[in-house]
Amino acid sequence: MFALFRINYHNQYYAAFKDNELLNQARRLWLNSLAQFAPETILRGARKVIEESEYLPTLNRMIRACQGEPDKFGLVDAHQAYVEACRAPSPKAAYAWSHPAVYHAGCASDWYFLTTNAEKVAFPIFERHYLKLCERVMNGTELPAPNIPALPETIETPLSKEENAKRMEELRKQLDL
């Protein structure tokens with residue numbers, strides 16, 4: 001990332017980072033602040049900043065660039081996703097989700113936990129899972145659609161008492177009991 005900035009913002013870069021000590025301090029600060037993002041996300045954010053701005057970005061601008069634009073990937077706001085997850089009827093897998101990330105965040109957060117706890121307790125847990133999934137989606141990961149269990153091919157009806165007694169007698173004969 002710093003190499004991209006050095007090449008693109010040559011004069012600004014050397015004015016901002018006059019010596020190696022200052023550059024190393026900046027790198028440590030940026031490393032700690034951007035540690036939550038995958039390396040691919042950081043590079044994507046750096047390229048985005050270079051394309052959109054003539055000036056060397058601030059750390060805040062870089063964090064916003066790394067967060068990306070979720071709506072381009074069909075993702076909704078974290079709170080909207082939380083509300084959708086809480087209001088979805090059962091069976092959850094059969095619901096028409098706005099994005100599979102909402103379903104998977106609900107699964108990771110535990111559906112029972114979401115419905116039995118107040119928003120101030122449940123939302124931060126859901127949000128953490130959802131934002132991790134959003135980052136994965138924005139990095140190119142395709143989340144699988146919810147697995148809807150299929151109905152069995154045949155539906156068996158219980159045997160009558162007479163049929164059960166007959167089969168039990170056959171088993172006793174086979175086992176010499």
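Scanning the range 65-90 for residues that are modelled with pLDDT of 90 or more and either under 10 Å from Pro146 (Cβ atoms) or of a type in the set (Phe, Trp, Tyr) (or both) yields a single hit, Tyr82.
Applying the set (1) surrounded by 13 or more Cβ atoms within 10 Å (Cβ to Cβ); (2) within 30 Å of Lys132 (Cβ to Cβ) to Phe17 leaves exactly one unmet item: (2). Given the conditions (1) under 30 Å from Thr116 (Cβ atoms); (2) touching a residue at least 12 places away in the same chain (Cβ under 8 Å), report the number of the one that Arg87 does not fulfil. All conditions are met except number (2). Checking each residue of the range 136-149 against the condition of being in contact with a helix residue (DSSP H, G or I) (Cβ under 7 Å, 6 or more places away or on another chain), touching a residue at least 24 places away in the same chain (Cβ under 8 Å) and in a helix (DSSP H, G or I) gives at least one match. Restricting attention to the range 23-75 and to residues that are surrounded by fewer than 19 Cβ atoms within 10 Å (Cβ to Cβ) and among the aromatic types (Phe, Trp, Tyr), the residue that is farthest from Tyr130 (Cα to Cα) turns out to be Tyr55. Looking at the range 41-57, can you tell me whether even one residue there is farther than 30 Å from Ser98 by Cα, out of contact with any helix residue (DSSP H, G or I) (no Cβ under 8 Å at 6 or more places or on another chain) and not acidic (Asp, Glu)? Among the residues of the range 41-57, not one is farther than 30 Å from Ser98 by Cα, out of contact with any helix residue (DSSP H, G or I) (no Cβ under 8 Å at 6 or more places or on another chain) and not acidic (Asp, Glu), which makes the answer no.
Please verify whether the range 147-162 includes one or more residues that are outside the structural domain of Glu40 (by TED's automatic domain parsing) and within 16 Å of the chain's Cα centre (by Cα). Looking for residues that are outside the structural domain of Glu40 (by TED's automatic domain parsing) and within 16 Å of the chain's Cα centre (by Cα), one finds none in the range 147-162, hence no.
Counting only helices (runs of 4 or more DSSP H) that fall entirely inside the range 14-110 and contain at least 3 residues that are under 30 Å from Phe2 (Cβ atoms) and in contact with a Cys (Cβ under 7 Å, 6 or more places away or on another chain), the qualifying elements are 39-52.
The values are calculated or read from the model by the stated rules, or taken from the named source; none is laboratory data. Since the model is a prediction, treat every value here as computed from it, not as a measurement. So basically every Cβ, Gly included, is an ideal-geometry build from the backbone, and we count neighbours across all protein chains shown.
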